[in-house]
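Chemist: To start, I am sharing the structure in question, which I have written as structure tokens.
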Amino acid sequence: MADLLIQGGRVVTEEGVAEADVLIDAGRIVAVDPVGRNSTQADEVIDAEGLVVLPGMIDPHVHFNEPGRSDWEGFATGSTALSAGGGTCFFDMPLNSHPPVLTGEAFDAKRATGEAKSRTDFAIWGGLTPDSLEHMDSLAERGVIGFKAFMCASGIEGFDRADERTLRAGMERAAALGRVVAVHAESAETTSRLAAECRRESRTGWRDYLASRPVAAELDAVRVALGLAAETGCRLHVVHVSHPLVAKAVSDAQAAGGVDVTCETCPHYLTFSDDDLVRRGALLKCAPPLRDSSAVQGLWSGLEAGVFAFVGSDHSPCTPSMKAGDNAFEVWGGVAGVQSTLGVLLNRAQRLGLQCIAGLTATAVASRFGLASKGRLAVGFDADLSLIDLESGYELTGDMLQDRHRASPYVGMRFRGVVQRTLVRGATVWRDGTQVGRPAGRLVKPTAGGGAI
């Protein structure tokens, strides 16, 4: 007898979308069969008729900030919000926790916190800074998913930017260790110079902030990173791409060969424009900043064309006081949106297709980072699943949010598709608007052979 049978849902696999039964035992999928074909009995049966069954979303880019800054967010609240949005696994960035994950000891502290508090599985990014180069081997041994570098100032004390020399050395070591290097790609020279000019001239409004971080700064940094990746043989991933021209630079490099590179964009770049930032202020401040409406449409075109490997939330909340003030350069930059990533994509389900959405939110993430048991709704994989009522919709309200401060720019938006249930390794963690069970998240580590999309 199996543990669980999910019966009669529209199951999204790499082969297609079809009504099927999903049989689960010991946390793994053991059968995906046409409805009624599998006669195996199960301890529990979930009637999924009329629901879409997706592989659970893997968010490769969140800042849950523990240990050290749990007043900004935390593993408990962040992972609950993720599960409410159909997510089953996240990759926590090495900052903004304190201390950042630059050493083996810092990794151990974050792992212990995650295992005690997370409701979903998780991976941990290590930092690539001048101070972490000597610790990269130790971090890899412990199981970091990859190494994250800032090519401009990070805004976090203790997490220094990786200049070209540091980035080259880190990429060389990461290549030897078989890990991806992710870069926040903005030119330090350009952004610091333009920001200094604005401050010197007392220009501190939102249009001034936007002008201080132009697309050219993003492009310049990406080209440097691409060159270093080609030189070192490092697998490169460009995070939070804000503009189609940046995505084109990545896709051109892919087509030319000689560099193993992917990129992601974020739901806020797909939803909001620079005009929204000017109108709504700090809630939408991020770096790189929001771009104009034509760029938003260009990013959607890039998703449809397969330019982006996946979509990550870059969920980066803070305390409300850090979002207060009139100086656009001084308020904290970060968008809280981990609960809405899947919703943003499901709003375009008719154009993207459910298989594409499954790829953008689960399959490609697991493939790129070598998570052998994650990201696919297939026999032998972890039973990480979300059950979606795609025929229903809702308007997001503040009381529906599960993150710590419930300060989301998506409040007031209408979404298509209600997450009715989320399962992690076969165990329900979210059902009908309520968290279920106790924290039972596990650390996941990359295996050899990652990198294929």
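The values are calculated or read from the model by the stated rules, or taken from the named source; none is laboratory data. Since we're looking at a predicted model, the values are computed, not measured. Note that we place each Cβ from the backbone using ideal geometry, even for glycine, and neighbour counts take in every protein chain shown. Ligands, DNA and RNA are stripped out before the accessible areas are found, and what is left, the full protein with its side chains, is counted by its heavy atoms. Shrake-Rupley method; radii C 1.70, N 1.55, O 1.52, S 1.80 Å.
Conditions tested, residue by residue: (1) small (Gly, Ala, Ser); (2) on the phi < 0 side of the Ramachandran plot; (3) crowded, with 23+ Cβ neighbours inside 10 Å; (4) touching a Lys or Arg at 6+ places or on another chain (Cβ under 6 Å).
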residue	(1), (2), (3), (4)
Val11	no, yes, yes, no
Val52	no, yes, yes, yes
Pro60	no, yes, yes, no
Gly68	yes, no, no, no
Ser79	yes, yes, yes, yes
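Chemist: Residue under question is Ala253, and the condition is that it be open to solvent by 10 Å² or more (accessible area, probe 1.4 Å), under 23 Å from Trp125 (Cβ atoms) and not in a helix (DSSP H, G or I); does it hold?
Modeler: In short, no.
Chemist: Also: Filter the range 39-59 for residues that are of a type in the set (D, E, K, R) and either assigned to a strand (DSSP E or B) or over 18 Å from Val12 (Cα atoms) (or both) and give the result.
Modeler: Asp43, Glu44, Asp47, Asp59
Chemist: Okay, moving on. Taking the condition of a type outside the set (A, V, I, L, M), more than 22 Å from Asp314 (Cα to Cα) and either open to solvent by less than 60 Å² (accessible area, probe 1.4 Å) or part of a loop (DSSP other than H, G, I, E, B) (or both), does Arg421 pass?
Modeler: Yes: the conditions hold for Arg421.
Residues checked against (1) assigned to a loop (DSSP other than H, G, I, E, B); (2) among the acidic types (Asp, Glu); (3) farther than 29 Å from Thr319 by Cβ:
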| residue | (1), (2), (3) |
| --- | --- |
| Ala225 | no, no, yes |
| Ala230 | no, no, yes |
| His240 | yes, no, no |
| Val259 | yes, no, yes |
| Glu264 | no, yes, no |
| Tyr269 | no, no, no |
| Asp276 | no, yes, no |
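Chemist: To continue, here is another question. Output the qualifying pairs, or none if there are none: Cβ atoms under 8 angstrom, residues six or more apart or on different chains, first residue in the range 300-312 and open to solvent by 30 Å² or more (accessible area, probe 1.4 Å), second residue basic (Lys, Arg).
Modeler: Here the result reads Glu304/Arg351; Val307/Lys248, each pair linking the range 300-312 to a residue that is basic (Lys, Arg).
Chemist: Also: From the list Ser294, Ser212, which one is small (Gly, Ala, Ser) and surrounded by fewer than 22 Cβ atoms within 10 Å (Cβ to Cβ)?
Modeler: From the options Ser294, Ser212, the qualifying one is Ser294.
Chemist: Additional query: Mind listing whichever residues of the range 149-166 are farther than 16 Å from Glu218 by Cα and either aromatic (Phe, Trp, Tyr) or buried (at least 24 other Cβ atoms within 10 Å of the Cβ) (or both)?
Modeler: Filtering the range 149-166 for residues farther than 16 Å from Glu218 by Cα gives 155-160, 165-166.
Result: Phe159, single match.
Chemist: Looking at the range 159-171, can you tell me whether even one residue there is at pLDDT 95 or above, within 27 Å of Gly257 (Cα to Cα) and touching a Lys or Arg at 6+ places or on another chain (Cβ under 8 Å)?
Modeler: Initially, the range 159-171 is screened for residues at pLDDT 95 or above, giving 159-171.
Checking which are within 27 Å of Gly257 (Cα to Cα) leaves us with 162-171.
Checking which are touching a Lys or Arg at 6+ places or on another chain (Cβ under 8 Å) leaves us with none.
Within the range 159-171 (the criterion being at pLDDT 95 or above, within 27 Å of Gly257 (Cα to Cα) and touching a Lys or Arg at 6+ places or on another chain (Cβ under 8 Å)), the answer is no, since none of the residues qualifies.
Chemist: Another question, if that's okay. Anything in the range 19-39 that is open to solvent by 70 Å² or more (accessible area, probe 1.4 Å), closer than 26 Å to Ala372 by Cβ and not basic (Lys, Arg)? List them, or say none. Don't jump to the end; show me each part of the working.
Modeler: Filtering the range 19-39 down to residues open to solvent by 70 Å² or more (accessible area, probe 1.4 Å) leaves 19, 26, 28, 35, 37, 39.
With closer than 26 Å to Ala372 by Cβ added as a condition, the list becomes 26, 28.
If the condition is that a residue be open to solvent by 70 Å² or more (accessible area, probe 1.4 Å), closer than 26 Å to Ala372 by Cβ and not basic (Lys, Arg), then Ala26 is the only one that fits.
Chemist: Tell me, which strands (runs of 3 or more DSSP E) wholly within the range 72-164 include 1 or more residues that are aliphatic (A, V, I, L, M), in contact with a helix residue (DSSP H, G or I) (Cβ under 7 Å, 6 or more places away or on another chain) and over 22 Å from Arg235 (Cβ atoms)?
Modeler: In the range 72-164, no matching strands (runs of 3 or more DSSP E) lie anywhere.
Residues checked against (1) in contact with a helix residue (DSSP H, G or I) (Cβ under 8 Å, 6 or more places away or on another chain); (2) open to solvent by 60 Å² or more (accessible area, probe 1.4 Å); (3) within 20 Å of Ser392 (Cα to Cα):
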| residue | (1), (2), (3) |
| --- | --- |
| Ala2 | no, no, no |
| Gly8 | no, no, yes |
| Gln41 | no, yes, no |
| Pro55 | yes, no, yes |
